[in-house]
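Worksheet: the structure to be examined is printed underneath.
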Amino acid sequence: MREQRASAPRTKSALLTRMTGRGAPVVTYSLIGITLLVFVLQVLPVIGSQVTGALWYAGVYSHPGSFEPWRMITSMFVHSTGFIFHVLLNMYTLWIFGQLLEQLLGRWRFLALYLIGGFAGSVGVLLLSDPLTPVVGASGAIFALMGAFLVIQRRLGGNATQLLVLVGINLVIGFIPGMNIAWQAHLGGLIGGAVVGLIFVETRKRDQQKLQIVLLVAFSLVLVLLSLRYFFFPLF
């Protein structure tokens with residue numbers, strides 16, 4: 001029996017196969033897992049506020065005197081601890097759009113879209129928000145997913161009316177006084193995601209992969225230059 005067990009083929013459970021198999025949205029699950037782990041650290045009584053303060057972003061962190069550019073990415077993984085639906089709603093939306101886009105684009109392209117879109121959301125905060133007001137949340141990256149999906153749907157001839165209405169409603173909510181929603185991150189993420197989605201759909205042929213990488217790098221460099229605005233135009 002011992003010899004038979006040693007030589008028997010190993011099989012995975014159906015759930016494990018679905019979560020880690022060839023077509024499984026591993027990146028989506030990983031992003032959700034990392035974000036929820038950070039949220040758990042945020043609510044711990046001793047270190048919670050330190051974790052939040054170390055990862056959030058405000059325009060002041062792009063000033064030469066207090067330059068901490070990594071916050072433009074890390075802020076995507078922290079959320080408001082006073083309103084649990086903030087992280088739950090973002091993660092639910094990521095779960096919905098992440099599964100669709102990761103299957104459509106592939107894991108690495110989807111990860112690039114999420115990170116570049118989230119960075120574009122932080123650039124929107126830098127350019128349009130009070131530099132002393134910190135922001136948290138994955139909303140910029142989430143809007144990037146919606147922007148990319150909207151562009152891809154439209155370019156491939158799909159019906160994007162319902163998604164367009166959903167995006168419009170979420171944008172309008174961000175402008176309602178008292179909601180404390182960083183509409184600047186939403187707008188920046190939406191534009192960034194739309195650009196990345198356009199790059200993907202217009203360079204989807206196999207012989208255009210190098211061009212796709214070049215365009216993604218070029219757009220990322222444009223965002224980096226915009227993030228350095230206080231180095232070039234410190235008075236504006």
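The values are calculated or read from the model by the stated rules, or taken from the named source; none is laboratory data. All values derive from a computational prediction rather than experimental measurement. Methodologically, a virtual Cβ is constructed for each residue, glycine included, from the backbone with ideal geometry; neighbour enumeration extends over all protein chains shown. Quick note on the areas: whole protein, heavy atoms, side chains included, nothing else; ligands and nucleic acids left out. Shrake-Rupley method; radii C 1.70, N 1.55, O 1.52, S 1.80 Å.
Could you sort the peptides 208-215, 121-128 by per-residue average Cβ neighbour count (10 Å cutoff), highest mean leading? Intermediate values should be presented prior to the final figure.
Details: 208-215: 13.5, 121-128: 25.0.
Peptide ranking by packing, descending: 121-128, 208-215.
In order along the range 127-144, the Karplus-derived 3J(HN,Hα) couplings, from 6.51 cos²θ - 1.76 cosθ + 1.60 at θ = phi - 60°, round to 7, 10, 10, 5, x, 9, 9, x, 10, 9, x, 8, 4, x, 5, 5, 5, 5 Hz, and Gly and Pro are given as x.
Taking amide hydrogens as placed 1.01 Å from N in the peptide plane, the amide H of TYR57 sits under 5 Å from those of VAL135, each at least 5 positions away in sequence or on another chain. Taking the 1.4 Å solvent-accessible surface of the range 16-105 as the whole, the part contributed by carbon and sulfur is 72%. Electrostatic bookkeeping for THR203 treats Lys and Arg as +1 and Asp and Glu as -1; over the other residues with beta carbon under 11 Å from its beta carbon, the sum is +3.
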